[in-house]
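A.B. asks: Got a structure here, written out as structure tokens. Questions coming.
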Amino acid sequence: MLVHAGKCRLLLVQGDITQQHVDAIVNAANSRLAGGGGVDGAIHAAGGPDILEDTRRKYPNGCPVGDAVASSAGRLSAGYVIHTVGPVWQGGQSGEAEALASCFRKSLQVAVDLGCKSVAFPAISTGAYGYPRDLAANVSLKAVLDFLKWHRQPDEVRFVLFEEGVFGAFAHSLELLMK
Ligand code: APR
């Protein structure tokens, strides 16, 4: 699914983010930047040990929830991995939506500052962190569309959604937002 936001493109695809040919891949990390399961595990497995070495050296204190930092991408074809830390779902009254939106804004700002023209995101917080997929889709897509509207870059943002159900939730949410 493809929509345009000014001269920028927003794409939804179903697949594995490690296989994407983009300038930056965003990782749904934990605040220790310690690696883990889910998309984090897949990115470290495909990119190799350089990624963890680089984050340990550059960010020994990790990264707070809602923030984003960049590392090398190791063996991945991307130029950078941008690590962002989503909120753990606690029922929705603990600032989860603001923290999730911030992940997208901060990651996109880091990407633009590094000169990236294409960026791939996973569905941050929708796995181990338990954010309901419909709510996450709405917050995530809105945050990206707002950023593209105001900053007019990067040229392309791609959501790479691993599970069919998550892809469906994002596609439905994007349809509603574009009405
Ligand atoms: N490509 C794209 N998306 C993927 C992939 C992949 N290869 N593998 C899993 N996903 C999807 C999941 O289906 C889910 O929709 O990524 C989404 C986010 O799930 P998680 O990876 O569990 O991330 P999150 O919910 O943000 O939890 C972060 O999990 O592994 C740990 O270190 C990580 O502690 C952190 C926590």
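A.B. asks: Quick check: is even one residue across the range 124-140 open to solvent by less than 50 Å² (accessible area, probe 1.4 Å), touching a residue at least 60 places away in the same chain (Cβ under 8 Å) and not charged (D, E, K, R)?
C.D. replies: yes
A.B. asks: Taking the range 76-135 as the region of interest, how many residues are small (Gly, Ala, Ser), more than 9 Å from the ligand (Cβ to nearest atom) and not in a helix (DSSP H, G or I)? Give the derivation first.
C.D. replies: Initially, the range 76-135 is screened for residues small (Gly, Ala, Ser), giving 77-79, 86, 91-92, 94-95, 97, 99, 101-102, 107, 111, 115, 118, 120, 123, 125, 127-128, 130.
If we keep only those that are more than 9 Å from the ligand (Cβ to nearest atom) as well, we get 77-79, 91-92, 94-95, 97, 99, 101-102, 107, 111, 115, 118.
Going one step further and asking which of them are not in a helix (DSSP H, G or I), we end up with 77-79, 91-92, 94-95, 115, 118.
Number satisfying all stated conditions: 9.
A.B. asks: Same structure, new question: Taking residue 150 and the conditions (1) open to solvent by less than 20 Å² (accessible area, probe 1.4 Å); (2) assigned to a helix (DSSP H, G or I), which numbered condition does it fall short on, given that it satisfies the others?
C.D. replies: (1)
A.B. asks: Just to verify a result, which residue in the range 104-116, among those that are touching a helix residue (DSSP H, G or I) at 6+ places or on another chain (Cβ under 9 Å) and open to solvent by 50 Å² or more (accessible area, probe 1.4 Å), is nearest to residue 66 (Cα to Cα)?
C.D. replies: My answer is 105.
A.B. asks: Let me ask something else about it. Of 35, 62, which residue is near the ligand (Cβ under 7 Å from one of its atoms), part of a loop (DSSP other than H, G, I, E, B), over 25 Å from residue 11 (Cα atoms) and open to solvent by less than 40 Å² (accessible area, probe 1.4 Å)?
C.D. replies: Exactly one of 35, 62 is near the ligand (Cβ under 7 Å from one of its atoms), part of a loop (DSSP other than H, G, I, E, B), over 25 Å from residue 11 (Cα atoms) and open to solvent by less than 40 Å² (accessible area, probe 1.4 Å), namely 35.
A.B. asks: If you don't mind, there's one more thing I want to ask. Tally time: how many residues in the range 40-56 are touching an Asp or Glu at 6+ places or on another chain (Cβ under 9 Å) and under 15 Å from residue 123 (Cβ atoms)? Walk me through it before giving the result.
C.D. replies: So the first thing to find is which residues in the range 40-56 are touching an Asp or Glu at 6+ places or on another chain (Cβ under 9 Å), and the list is 42, 46.
Those still in the list that are under 15 Å from residue 123 (Cβ atoms) too: 42.
So the answer is 1.
A.B. asks: Tell me whether the range 48-56 contains one or more residues that are within 20 Å of residue 132 (Cα to Cα) and either open to solvent by 10 Å² or more (accessible area, probe 1.4 Å) or not in a loop (DSSP other than H, G, I, E, B) (or both).
C.D. replies: For the range 48-56, residues within 20 Å of residue 132 (Cα to Cα) and either open to solvent by 10 Å² or more (accessible area, probe 1.4 Å) or not in a loop (DSSP other than H, G, I, E, B) (or both): absent.
A.B. asks: Condition (residue is under 21 Å from residue 69 (Cα atoms), open to solvent by less than 40 Å² (accessible area, probe 1.4 Å), within 16 Å of the ligand (Cβ to nearest atom) and assigned to a helix (DSSP H, G or I)) applied to the range 153-164: is it met by at least one residue?
C.D. replies: No - not one qualifying residue is present in the range 153-164.
A.B. asks: Separate question: Among the residues of the range 66-85 satisfying the criterion of being farther than 18 Å from residue 158 by Cα and not hydroxyl-bearing (Ser, Thr, Tyr), which is nearest to the chain's Cα centre (by Cα)?
C.D. replies: Going through the qualifying residues, I end up with 85.
A.B. asks: What number of residues within the range 65-75 satisfy the criterion of being crowded, with 22+ Cβ neighbours inside 10 Å and either part of a helix (DSSP H, G or I) or of a type in the set (Asp, Glu) (or both)?
C.D. replies: Number satisfying all stated conditions: 0.
A.B. asks: Another question, then. List every residue pair whose Cβ atoms lie under 7 Å apart, where the two residues are 6 or more positions apart in sequence or sit on different chains, the first residue falls within the range 13-34 and is closer than 10 Å to residue 84 by Cβ, and the second residue, located anywhere, is near the ligand (Cβ under 9 Å from one of its atoms) and among the acidic types (Asp, Glu).
C.D. replies: Filtered contacts from the range 13-34: 27/40; 28/40; 29/40.
The values are calculated or read from the model by the stated rules, or taken from the named source; none is laboratory data. Quick caveat: nothing in here was measured; it's all calculated off a predicted structure. As a convention, Cβ positions derive from the backbone with ideal geometry for all residues, glycine included, and neighbour counts pool all protein chains shown. Just so you know, the surface numbers come from the protein's heavy atoms only, side chains and all, with ligands and any DNA or RNA stripped out. Shrake-Rupley method; radii C 1.70, N 1.55, O 1.52, S 1.80 Å.
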